[in-house]
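Here it is, the structure, as C-alpha coordinates.
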Amino acid sequence: MKSKVLCVIMGGGRGTRLCPLTKKRCKPAVPLAGKYRLVDIPISNCLNSKYNRIYLLTQFNTASLHRHIQESYRFDSFGKGFIDILSAEQTESDENWYQGTADAVRQNLSHFTFKDEDIFIILSGDQLYKMDFRSMVNHHNKLNADVTIASTLVPKERACDLGIMRVNEDYTIKEFVEKPKSKEIIDSLVISDKLCGELKDVCKLNHCLASMGIYIFKAKVLKEALKLNGSDFGKEIIPALLGKVRLCSYVFDGYWEDIGTVKAFFNANLMLTDIVPAFNFYDSSNFIYTNAKHLPGSKIHSSSITNTILTEGCIITNAILERCVIGLRSIIREGSHLKNVLMMGNDKYEGMDDVKNNGNNEKNGKPPLGVGTNCQIYNTIIDKNVRIGNNVKLSPDGKPDGFTQGTIYVRDGVLIVLYNTVIPDNTVI
(Lines give C-alpha, C1' and ligand atoms only; values in the text may rest on other atoms or scores of the structure.)
Protein backbone atom coordinates (compact mmCIF):
# COMPACT_ATOMS: atom_id res chain seq x y z
CA MET A 1 0.00 0.00 0.00
CA LYS A 2 1.30 3.44 -0.94
CA SER A 3 2.21 5.58 2.04
CA LYS A 4 0.54 8.91 2.66
CA VAL A 5 2.60 12.00 3.31
CA LEU A 6 1.34 14.20 6.14
CA CYS A 7 2.83 17.66 6.70
CA VAL A 8 3.02 19.22 10.18
CA ILE A 9 3.86 22.94 10.39
CA MET A 10 5.01 24.41 13.69
CA GLY A 11 3.06 27.57 14.48
CA GLY A 12 5.93 29.04 16.48
CA GLY A 13 6.66 29.75 20.13
CA ARG A 14 6.64 33.18 21.77
CA GLY A 15 8.93 34.59 19.06
CA THR A 16 10.96 36.64 21.53
CA ARG A 17 13.88 37.18 19.11
CA LEU A 18 11.48 38.75 16.58
CA CYS A 19 9.85 40.92 19.23
CA PRO A 20 8.29 43.53 19.10
CA LEU A 21 6.81 42.37 15.77
CA THR A 22 5.43 39.38 17.68
CA LYS A 23 3.78 41.32 20.50
CA LYS A 24 0.31 40.78 19.00
CA ARG A 25 0.93 37.98 16.50
CA CYS A 26 2.91 34.74 16.31
CA LYS A 27 5.95 34.51 14.03
CA PRO A 28 4.24 32.65 11.16
CA ALA A 29 1.63 35.45 10.98
CA VAL A 30 4.22 38.23 10.52
CA PRO A 31 3.72 39.95 7.11
CA LEU A 32 6.32 39.19 4.44
CA ALA A 33 7.19 40.90 1.13
CA GLY A 34 4.29 43.35 1.36
CA LYS A 35 1.39 40.93 0.81
CA TYR A 36 2.22 37.51 2.26
CA ARG A 37 2.61 35.99 5.73
CA LEU A 38 5.58 33.85 6.77
CA VAL A 39 3.32 30.79 7.08
CA ASP A 40 2.50 31.04 3.36
CA ILE A 41 6.01 29.78 2.57
CA PRO A 42 5.81 26.27 4.11
CA ILE A 43 2.18 25.88 3.04
CA SER A 44 3.05 26.79 -0.56
CA ASN A 45 6.02 24.40 -0.53
CA CYS A 46 3.66 21.62 0.56
CA LEU A 47 1.06 22.43 -2.08
CA ASN A 48 3.64 22.79 -4.86
CA SER A 49 4.98 19.37 -3.83
CA LYS A 50 1.42 17.98 -4.25
CA TYR A 51 1.11 17.30 -0.52
CA ASN A 52 -2.18 18.74 0.66
CA ARG A 53 -2.74 17.01 4.01
CA ILE A 54 -1.42 19.70 6.35
CA TYR A 55 -1.64 20.20 10.11
CA LEU A 56 -0.75 23.58 11.61
CA LEU A 57 0.11 23.54 15.33
CA THR A 58 -0.45 26.88 17.05
CA GLN A 59 -0.22 28.31 20.56
CA PHE A 60 0.73 31.98 21.09
CA ASN A 61 -1.06 35.07 19.68
CA THR A 62 -2.92 32.93 17.15
CA ALA A 63 -5.93 35.09 16.17
CA SER A 64 -4.43 36.74 13.07
CA LEU A 65 -2.80 33.48 11.96
CA HIS A 66 -6.06 31.53 12.25
CA ARG A 67 -7.95 34.26 10.38
CA HIS A 68 -5.37 34.29 7.59
CA ILE A 69 -5.48 30.50 7.16
CA GLN A 70 -9.27 30.37 7.16
CA GLU A 71 -9.55 33.19 4.60
CA SER A 72 -6.73 31.97 2.34
CA TYR A 73 -6.86 28.19 2.07
CA ARG A 74 -10.06 26.42 1.09
CA PHE A 75 -10.00 22.99 -0.53
CA ASP A 76 -12.67 21.30 -2.60
CA SER A 77 -14.44 18.26 -1.19
CA PHE A 78 -12.99 15.87 -3.81
CA GLY A 79 -9.23 16.26 -3.41
CA LYS A 80 -9.07 15.09 0.23
CA GLY A 81 -6.83 18.04 1.03
CA PHE A 82 -7.02 20.09 4.22
CA ILE A 83 -5.20 22.47 6.53
CA ASP A 84 -6.21 21.48 10.04
CA ILE A 85 -5.41 24.07 12.73
CA LEU A 86 -4.60 22.40 16.05
CA SER A 87 -4.24 24.84 18.93
CA ALA A 88 -2.65 23.92 22.24
CA GLU A 89 -5.22 22.53 24.63
CA GLN A 90 -5.34 21.26 28.17
CA THR A 91 -6.69 17.74 28.53
CA GLU A 92 -7.28 15.31 31.37
CA SER A 93 -4.02 13.54 30.50
CA ASP A 94 -1.91 16.69 29.96
CA GLU A 95 -2.52 20.14 31.43
CA ASN A 96 0.63 21.70 29.93
CA TRP A 97 0.87 23.92 26.87
CA TYR A 98 3.39 22.98 24.16
CA GLN A 99 6.87 22.83 25.64
CA GLY A 100 8.70 22.60 22.30
CA THR A 101 8.43 21.30 18.73
CA ALA A 102 8.47 17.61 19.68
CA ASP A 103 6.05 18.14 22.55
CA ALA A 104 3.63 19.93 20.20
CA VAL A 105 3.60 16.91 17.88
CA ARG A 106 3.39 14.51 20.84
CA GLN A 107 0.32 16.25 22.23
CA ASN A 108 -1.43 16.12 18.85
CA LEU A 109 -0.51 12.61 17.78
CA SER A 110 -4.01 11.37 18.58
CA HIS A 111 -5.48 14.00 16.21
CA PHE A 112 -3.44 12.84 13.20
CA THR A 113 -5.03 10.22 10.95
CA PHE A 114 -2.20 7.92 9.85
CA LYS A 115 -0.88 4.37 9.55
CA ASP A 116 2.55 3.05 10.51
CA GLU A 117 3.71 3.00 6.87
CA ASP A 118 2.89 6.70 6.35
CA ILE A 119 5.43 9.52 6.34
CA PHE A 120 5.46 12.75 8.34
CA ILE A 121 7.22 15.94 7.22
CA ILE A 122 7.84 18.27 10.18
CA LEU A 123 8.25 21.92 9.13
CA SER A 124 8.96 25.30 10.67
CA GLY A 125 6.51 28.14 10.11
CA ASP A 126 9.08 30.95 9.95
CA GLN A 127 11.65 30.16 7.25
CA LEU A 128 12.12 31.54 3.74
CA TYR A 129 12.96 28.93 1.07
CA LYS A 130 11.52 26.91 -1.81
CA MET A 131 11.79 23.15 -1.73
CA ASP A 132 10.14 20.31 -3.62
CA PHE A 133 9.55 17.95 -0.72
CA ARG A 134 9.06 15.08 -3.17
CA SER A 135 12.82 15.05 -3.81
CA MET A 136 13.50 14.78 -0.09
CA VAL A 137 10.88 12.03 0.32
CA ASN A 138 12.40 10.09 -2.60
CA HIS A 139 15.86 10.46 -1.03
CA HIS A 140 14.44 9.26 2.30
CA ASN A 141 12.84 6.20 0.70
CA LYS A 142 15.88 5.40 -1.46
CA LEU A 143 18.13 5.31 1.62
CA ASN A 144 15.48 3.39 3.61
CA ALA A 145 15.94 6.02 6.31
CA ASP A 146 13.91 6.10 9.49
CA VAL A 147 14.49 9.84 9.89
CA THR A 148 15.86 12.30 7.33
CA ILE A 149 17.03 15.81 8.23
CA ALA A 150 17.19 18.53 5.59
CA SER A 151 20.55 20.26 5.74
CA THR A 152 22.17 23.24 4.09
CA LEU A 153 25.82 24.17 3.63
CA VAL A 154 26.95 27.06 5.82
CA PRO A 155 30.40 28.61 6.38
CA LYS A 156 31.98 27.22 9.53
CA GLU A 157 31.91 30.74 10.99
CA ARG A 158 28.10 30.44 11.25
CA ALA A 159 28.14 26.96 12.78
CA CYS A 160 27.86 28.24 16.36
CA ASP A 161 24.31 29.46 15.66
CA LEU A 162 22.92 26.23 14.21
CA GLY A 163 22.59 22.49 14.71
CA ILE A 164 25.55 20.96 12.84
CA MET A 165 25.89 17.36 11.68
CA ARG A 166 28.78 15.15 10.60
CA VAL A 167 27.60 13.06 7.65
CA ASN A 168 29.13 9.88 6.17
CA GLU A 169 29.55 9.38 2.43
CA ASP A 170 26.30 7.35 2.34
CA TYR A 171 24.41 10.32 3.92
CA THR A 172 23.97 8.62 7.27
CA ILE A 173 24.50 11.00 10.17
CA LYS A 174 27.44 10.16 12.39
CA GLU A 175 27.27 13.07 14.84
CA PHE A 176 24.89 15.90 15.67
CA VAL A 177 25.97 18.95 17.70
CA GLU A 178 23.55 21.73 18.63
CA LYS A 179 25.20 25.18 18.31
CA PRO A 180 28.84 24.11 18.80
CA LYS A 181 31.05 26.78 20.38
CA SER A 182 34.53 25.22 20.42
CA LYS A 183 36.73 25.94 17.38
CA GLU A 184 38.13 22.39 17.57
CA ILE A 185 34.64 20.86 17.48
CA ILE A 186 33.53 23.10 14.61
CA ASP A 187 36.68 22.24 12.60
CA SER A 188 35.94 18.54 13.14
CA LEU A 189 32.45 19.03 11.71
CA VAL A 190 33.59 20.54 8.39
CA ILE A 191 32.22 18.49 5.50
CA SER A 192 34.61 15.77 4.29
CA ASP A 193 36.41 16.02 0.94
CA LYS A 194 34.76 12.80 -0.25
CA LEU A 195 31.22 13.96 0.49
CA CYS A 196 32.11 17.35 -0.93
CA GLY A 197 33.04 15.54 -4.15
CA GLU A 198 29.61 13.90 -4.18
CA LEU A 199 28.08 17.38 -3.93
CA LYS A 200 30.51 19.02 -6.33
CA ASP A 201 27.90 21.34 -7.87
CA VAL A 202 27.02 22.94 -4.55
CA CYS A 203 29.83 22.14 -2.14
CA LYS A 204 32.38 24.64 -0.89
CA LEU A 205 35.49 24.25 1.20
CA ASN A 206 35.35 24.88 4.96
CA HIS A 207 31.59 24.51 5.11
CA CYS A 208 29.45 22.52 7.53
CA LEU A 209 26.08 20.87 7.10
CA ALA A 210 23.49 22.63 9.25
CA SER A 211 20.06 21.34 10.10
CA MET A 212 17.24 23.34 8.51
CA GLY A 213 14.75 22.16 11.12
CA ILE A 214 12.90 20.14 8.46
CA TYR A 215 12.47 16.45 9.27
CA ILE A 216 10.97 13.39 7.61
CA PHE A 217 9.91 10.55 9.91
CA LYS A 218 8.49 7.16 9.22
CA ALA A 219 5.22 7.33 11.15
CA LYS A 220 6.08 4.26 13.22
CA VAL A 221 9.48 5.73 14.15
CA LEU A 222 7.89 9.07 15.05
CA LYS A 223 5.50 7.36 17.48
CA GLU A 224 8.40 5.60 19.20
CA ALA A 225 10.62 8.70 19.19
CA LEU A 226 7.96 10.74 20.97
CA LYS A 227 8.00 8.27 23.84
CA LEU A 228 11.51 9.52 24.66
CA ASN A 229 12.06 12.30 27.15
CA GLY A 230 12.55 15.67 25.53
CA SER A 231 10.37 18.47 24.21
CA ASP A 232 12.38 19.66 21.19
CA PHE A 233 13.34 17.78 18.03
CA GLY A 234 16.64 19.55 17.35
CA LYS A 235 17.97 19.79 20.89
CA GLU A 236 16.77 16.51 22.39
CA ILE A 237 14.88 13.99 20.24
CA ILE A 238 17.19 13.88 17.19
CA PRO A 239 20.43 13.55 19.25
CA ALA A 240 18.74 10.79 21.31
CA LEU A 241 17.93 8.85 18.13
CA LEU A 242 21.54 8.90 16.90
CA GLY A 243 22.83 5.33 16.70
CA LYS A 244 19.39 3.86 17.46
CA VAL A 245 17.61 4.40 14.14
CA ARG A 246 18.76 4.98 10.56
CA LEU A 247 19.29 8.75 10.60
CA CYS A 248 20.16 10.36 7.25
CA SER A 249 20.76 13.78 5.79
CA TYR A 250 19.28 15.40 2.69
CA VAL A 251 21.39 18.26 1.31
CA PHE A 252 19.34 21.19 0.02
CA ASP A 253 21.21 23.44 -2.41
CA GLY A 254 18.80 26.39 -2.68
CA TYR A 255 18.33 29.63 -0.76
CA TRP A 256 17.23 29.18 2.86
CA GLU A 257 16.94 31.70 5.66
CA ASP A 258 15.74 31.15 9.20
CA ILE A 259 13.83 34.36 9.94
CA GLY A 260 14.30 34.26 13.68
CA THR A 261 15.56 37.77 14.43
CA VAL A 262 14.60 41.33 13.48
CA LYS A 263 17.83 41.71 11.50
CA ALA A 264 17.28 38.50 9.52
CA PHE A 265 13.64 39.43 8.86
CA PHE A 266 14.50 42.98 7.73
CA ASN A 267 17.38 41.87 5.49
CA ALA A 268 15.33 39.04 3.94
CA ASN A 269 12.58 41.47 2.98
CA LEU A 270 14.90 44.11 1.52
CA MET A 271 16.85 41.40 -0.34
CA LEU A 272 13.68 40.82 -2.37
CA THR A 273 14.14 44.25 -3.99
CA ASP A 274 17.40 43.16 -5.68
CA ILE A 275 17.31 42.84 -9.46
CA VAL A 276 17.88 39.09 -9.13
CA PRO A 277 16.96 38.23 -5.53
CA ALA A 278 18.14 35.04 -3.89
CA PHE A 279 14.50 34.09 -3.30
CA ASN A 280 12.24 34.29 -6.34
CA PHE A 281 8.54 35.12 -6.00
CA TYR A 282 8.34 35.52 -9.79
CA ASP A 283 8.01 31.83 -10.56
CA SER A 284 4.98 30.66 -12.56
CA SER A 285 5.61 26.98 -11.76
CA ASN A 286 5.96 27.37 -7.98
CA PHE A 287 3.51 29.97 -6.75
CA ILE A 288 3.59 31.36 -3.25
CA TYR A 289 -0.06 31.33 -2.24
CA THR A 290 -1.80 33.78 0.04
CA ASN A 291 -5.13 35.51 0.60
CA ALA A 292 -6.42 37.24 -2.56
CA LYS A 293 -7.34 40.80 -1.58
CA HIS A 294 -9.09 41.96 -4.79
CA LEU A 295 -7.46 45.39 -4.63
CA PRO A 296 -7.00 47.96 -7.41
CA GLY A 297 -3.61 48.53 -8.97
CA SER A 298 -1.25 50.95 -7.24
CA LYS A 299 -1.32 54.59 -8.33
CA ILE A 300 1.90 56.61 -8.57
CA HIS A 301 2.07 60.38 -9.13
CA SER A 302 5.37 62.05 -10.13
CA SER A 303 7.54 59.90 -7.85
CA SER A 304 11.08 58.52 -7.96
CA ILE A 305 11.12 54.80 -7.16
CA THR A 306 14.31 52.69 -7.11
CA ASN A 307 14.67 48.99 -6.23
CA THR A 308 11.27 48.86 -4.59
CA ILE A 309 8.46 46.32 -4.32
CA LEU A 310 5.08 48.03 -4.55
CA THR A 311 2.07 45.83 -3.81
CA GLU A 312 -1.58 46.39 -4.73
CA GLY A 313 -3.80 49.25 -3.73
CA CYS A 314 -1.11 51.84 -2.90
CA ILE A 315 -1.19 55.59 -3.61
CA ILE A 316 2.21 57.29 -3.87
CA THR A 317 2.37 61.05 -4.52
CA ASN A 318 5.54 63.00 -5.33
CA ALA A 319 7.66 60.78 -3.09
CA ILE A 320 11.11 59.22 -3.25
CA LEU A 321 11.40 55.50 -2.48
CA GLU A 322 14.77 53.73 -2.39
CA ARG A 323 15.06 50.00 -1.62
CA CYS A 324 11.68 49.66 0.02
CA VAL A 325 8.96 47.04 0.34
CA ILE A 326 5.59 48.79 0.38
CA GLY A 327 2.63 46.75 1.64
CA LEU A 328 -1.04 46.65 0.68
CA ARG A 329 -3.06 49.92 0.70
CA SER A 330 -0.04 52.02 1.71
CA ILE A 331 -0.37 55.78 1.24
CA ILE A 332 2.75 57.95 1.00
CA ARG A 333 2.29 61.67 0.54
CA GLU A 334 4.08 64.59 -1.10
CA GLY A 335 7.75 65.26 -0.47
CA SER A 336 8.42 62.16 1.66
CA HIS A 337 11.63 60.16 1.31
CA LEU A 338 11.80 56.50 2.37
CA LYS A 339 15.05 54.53 2.17
CA ASN A 340 15.54 50.93 3.36
CA VAL A 341 11.98 50.76 4.65
CA LEU A 342 9.60 47.84 5.07
CA MET A 343 6.09 49.29 5.22
CA MET A 344 3.48 46.61 5.97
CA GLY A 345 0.50 48.64 4.78
CA ASN A 346 -3.06 49.05 6.00
CA ASP A 347 -6.06 46.80 6.56
CA LYS A 348 -8.51 49.36 5.19
CA TYR A 349 -8.86 52.65 3.34
CA GLU A 350 -10.06 55.91 4.81
CA GLY A 351 -11.97 58.61 2.93
CA MET A 352 -10.41 59.94 -0.27
CA ASP A 353 -10.36 63.45 1.26
CA ASP A 354 -7.37 62.33 3.34
CA VAL A 355 -5.53 61.42 0.16
CA LYS A 356 -6.63 64.46 -1.84
CA ASN A 357 -5.62 66.94 0.86
CA ASN A 358 -2.15 65.42 1.36
CA GLY A 359 -2.98 64.29 4.88
CA ASN A 360 -4.12 67.68 6.20
CA ASN A 361 -7.68 66.50 6.77
CA GLU A 362 -7.07 65.04 10.24
CA LYS A 363 -9.80 63.27 12.20
CA ASN A 364 -10.00 63.36 15.99
CA GLY A 365 -6.58 64.99 16.11
CA LYS A 366 -4.92 61.98 14.44
CA PRO A 367 -3.04 61.97 11.14
CA PRO A 368 -4.65 59.79 8.47
CA LEU A 369 -3.36 56.30 7.73
CA GLY A 370 -0.01 56.18 5.95
CA VAL A 371 2.95 58.56 5.71
CA GLY A 372 2.35 62.32 5.74
CA THR A 373 4.05 65.05 3.70
CA ASN A 374 7.79 65.87 3.81
CA CYS A 375 8.76 62.90 5.99
CA GLN A 376 12.22 61.32 6.09
CA ILE A 377 12.20 57.64 7.09
CA TYR A 378 15.30 55.43 6.94
CA ASN A 379 16.16 51.83 7.98
CA THR A 380 12.72 51.30 9.46
CA ILE A 381 9.94 48.72 9.72
CA ILE A 382 6.50 50.34 9.74
CA ASP A 383 3.93 47.84 10.99
CA LYS A 384 0.29 47.80 9.89
CA ASN A 385 -2.19 50.68 10.23
CA VAL A 386 0.39 53.24 11.35
CA ARG A 387 -0.44 56.96 11.15
CA ILE A 388 2.58 59.19 10.53
CA GLY A 389 2.01 62.96 10.47
CA ASN A 390 3.75 65.61 8.37
CA ASN A 391 7.45 66.57 8.64
CA VAL A 392 8.32 63.45 10.65
CA LYS A 393 11.89 62.10 10.77
CA LEU A 394 12.51 58.46 11.74
CA SER A 395 15.87 56.69 11.84
CA PRO A 396 17.73 54.28 14.16
CA ASP A 397 20.96 56.25 13.73
CA GLY A 398 22.59 57.18 17.03
CA LYS A 399 20.22 55.10 19.11
CA PRO A 400 21.35 52.11 21.18
CA ASP A 401 19.99 48.63 20.57
CA GLY A 402 17.09 48.17 22.95
CA PHE A 403 15.95 51.80 22.60
CA THR A 404 12.22 52.14 23.36
CA GLN A 405 9.93 55.14 23.17
CA GLY A 406 6.28 54.22 23.54
CA THR A 407 5.51 51.86 20.64
CA ILE A 408 8.72 52.69 18.78
CA TYR A 409 11.75 50.43 19.21
CA VAL A 410 15.26 49.89 17.93
CA ARG A 411 16.29 46.26 17.54
CA ASP A 412 19.34 44.95 15.64
CA GLY A 413 19.97 48.43 14.20
CA VAL A 414 16.43 48.70 12.78
CA LEU A 415 13.79 51.19 13.91
CA ILE A 416 10.38 49.52 14.40
CA VAL A 417 7.07 51.38 14.50
CA LEU A 418 4.45 49.06 15.95
CA TYR A 419 0.94 48.24 14.76
CA ASN A 420 -1.61 51.13 15.12
CA THR A 421 1.02 53.65 16.27
CA VAL A 422 0.19 57.35 15.83
CA ILE A 423 3.13 59.70 15.25
CA PRO A 424 2.21 63.43 15.40
CA ASP A 425 3.44 66.12 13.01
CA ASN A 426 7.06 67.29 13.35
CA THR A 427 8.16 64.28 15.44
CA VAL A 428 11.89 63.50 15.25
CA ILE A 429 13.14 60.12 16.48
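Separation of the stretch 223-293 and the stretch 102-121 by C-alpha centroid, Å?
The distance from the Cα centre of the stretch 223-293 to that of the stretch 102-121 comes to 20 Å.
Does the stretch 156-218 come out rounded, prolate or oblate, given a ≥ b ≥ c as the square roots of the eigenvalues of its C-alpha gyration tensor, rounded meaning a/c under 1.5 and, failing that, prolate meaning a/b above b/c?
It is oblate, given that a/c is not under 1.5 and a/b is not larger than b/c.
Can you list residues whose amide H is under 5 Å from Met131's amide H, if they're 5+ apart or on another chain and H is modeled 1.01 Å from N?
Excluding prolines and chain starts, which carry no amide H, there are no hits.
Given charges of +1 on the Cβ of Lys and Arg and -1 on the Cβ of Asp and Glu, with all other atoms neutral, how large is the dipole of the stretch 200-254 about its Cα centre, in debye to the nearest 20?
So the dipole magnitude of the stretch 200-254 works out to roughly 260 debye.
Something else: Taking all protein chains as present, what is the carbon and sulfur share of the accessible area of the stretch 137-181, in % to the nearest whole number, probe 1.4 Å?
43 percent
What percentage of the solvent-accessible surface of the stretch 217-287, computed with a 1.4 Å probe over protein heavy atoms, is contributed by carbon and sulfur atoms?
50 percent
Quote to one decimal, in nm, the extra length available between Glu178 and Phe75 on full extension: 0.36 nm per residue of separation minus the C-alpha distance between them.
Length gained, Glu178 through Phe75: 33.2 nm.
Treating cross-link reach as a plain straight distance, find the lysines whose alpha-carbon is under 19 Å from the alpha-carbon of Lys142, omitting any fewer than eight places away in the same chain.
Lys2, Lys4, Lys174, Lys218, Lys220
Rounding to the nearest 20 debye, state how big the charge dipole of the chain is about its Cα centre with +1 on each Lys and Arg Cβ and -1 on each Asp and Glu Cβ.
360 debye
So, one more: For the chain, what is the percent of antiparallel DSSP beta bridges, rounded to the nearest 5?
Close to 40 percent.
Now, a different point. Of Ala319, Ile85, Met136, which is farthest towards the positive pole of the chain's charge dipole, taken about the Cα centre with +1 and -1 on the beta-carbons of Lys, Arg and Asp, Glu respectively?
The Cα lying farthest towards the positive end belongs to Ala319.
Hey, how many Å between the Cα centroid of the stretch 409-424 and the Cα centroid of the stretch 137-159?
Here the answer is 38 Å between Cα centres.
Cross-link candidates for Lys393: which aspartates and glutamates have Cα within less than 14 Å, leaving aside residues fewer than 8 places away along the same chain?
Here the aspartates and glutamates satisfying the reach criterion relative to Lys393 are Asp425.
Now, a different point. Compute, for the stretch 230-321, the length of the dipole vector about the Cα centre, with Cβ point charges of +1 (Lys, Arg) and -1 (Asp, Glu) only. Units Debye, rounded to 20.
My answer is approximately 140 debye.
Over the chain, with the other protein chains present, what is the accessible area per residue in square angstrom, probe 1.4 angstrom?
Averaged over the residues of the chain, the accessible area is 45 Å².
Over the heavy atoms of Met131, what accessible area does a 1.4 Å probe trace out, to the nearest 10 Å²?
Approximately 10 Å² of Met131 is accessible to the 1.4 Å probe.
The values are calculated or read from the model by the stated rules, or taken from the named source; none is laboratory data. Computed from a predicted structure; not experimentally measured. Note: ideal-geometry Cβ built from the backbone for every residue, glycine included; neighbour counts use all protein chains shown. In case anyone asks, the SASA skips ligands and DNA or RNA and just uses the protein heavy atoms, side chains included. Shrake-Rupley method; radii C 1.70, N 1.55, O 1.52, S 1.80 Å.
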